[in-house]
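First comes the structure, then the notes that go with it.
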Amino acid sequence: MHFQLVINDASLNSLANLINEYGGKFGIDNENKLRHFLAQAATETGGFTSLQRSENLNYSSATRLANIYPKHFSFIDPLRKNPNNYLHNSEKLANLVYRNRYGNGSEASGDGFRYRGRGIFQLTFKDNYQNFQDYYNSNFSSNLDLLNHPETLVSNDPISVISALWYFKSRVLSEISINSNTLVEQVTRLVNGKLNGINERKSYYNKTKIYIFCQ
């Protein structure tokens, strides 16, 4: 099955070509699956302004930072960090909020920033980098080394897209059967864990109904 995206954008044309080449290997074999995949990916990448996406943790508002990471920050609780001390410092913030989770080491290890979200599905955490690396090396090439070169997810478009397809298959298609009645909320919970950005995800999904076709 060949998908056609009605667009005039270099990044999206590159994405379309890569999905047509690799999508079938990851279960993207009809319009419904592709539409949900793209709606989620578009939200994670700010509307596909580029396929070379890396998570932006550069916050300028202490209030927003405290609202997004309430477990880590507070203006009054002495057991949590003061968000004012983490503004405009992506590395310091990532090392704090991603520490000791999913294979990442302590704050001092630097793993939080090293394995921050990258690729069009914002692959995050050392365990996910390792698992995708193992899959890729077993099925495509044996020389991918994301643990030592995590920036490859940003600099290499095919690997960025394949990582997203792998994540979507592992987290979504392995859990639910997608059809024309599948809700964006269902897919979002599997991708995001919550319903963050749900209105944006719905908006992108509605747009895919206009621009996605099968041939």
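Nothing in this text is a laboratory measurement; each read-out follows from the coordinates by a stated rule. On a predicted model such as this, the values are computed, not experimentally measured, just so you know. So basically every Cβ, Gly included, is an ideal-geometry build from the backbone, and we count neighbours across all protein chains shown.
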If one takes the longest principal axis of the Cα atoms in the chain, at what angle in degrees, from 0 to 90 and to the nearest 10, does the Cα axis of helix 10-22 lie? 70 degrees
Under a 10 Å cutoff between Cα atoms, tell me which one of Glu31, Glu21, Glu44 has the largest fluctuation in the Gaussian network model of the chain. Glu21
If you filter region 58-105 for chymotrypsin sites (Phe, Trp or Tyr not before Pro), then keep DSSP loop positions with at most 11 other Cβ within 10 Å, what is left? Phe75
Just in region 91-171: which GluC sites (Glu not before Pro) are loop by DSSP and have at most 15 other Cβ atoms within 10 Å? Glu151
Please list the equivalent ellipsoid semi-axes of region 7-62, computed as the square roots of five times the alpha-carbon gyration tensor eigenvalues, in descending order and whole angstrom. 26, 13, 10
Holding the Cα-Cα limit at 23 Å, pick out from Lys33/Lys126; Lys92/Lys194; Lys126/Lys194 the pairs that are longer than that. Lys33/Lys126; Lys92/Lys194
Phi to ³J(HN,Hα) by Karplus 6.51 cos²θ - 1.76 cosθ + 1.60 over region 63-76, Hz, x for Gly, Pro: 5, 5, 4, 5, 6, 7, 10, x, 6, 9, 10, 7, 8, 10
At 7 Å along Cα-to-Cβ for each site, give me the label-to-label distance between Asn206 and Lys194 in nm. 2.4 nm
Per-residue ellipticity at 222 nm attributable to helices in the chain (runs of n ≥ 4 DSSP H, -39500 (n - 2.57) apiece, nearest 500 deg cm²/dmol) works out to -13500 deg cm²/dmol
Once the Cα atoms of helix 198-211 and of the chain are each reduced to a long axis, what angle between those two axes, in degrees from 0 to 90 to the nearest 10, is obtained? 20 degrees
Name the long-range amide H neighbours of Leu144: under 5 Å, sequence gap of 5 or more, or other chain; modelled H, no Pro or chain starts. none
No solvent, one uniform scatterer per C-alpha: report log10 I(q)/I(0) for the chain via the Debye equation at q = 0.10, 0.13, 0.15, 0.16 1/Å, two decimals. -0.47, -0.77, -1.00, -1.12
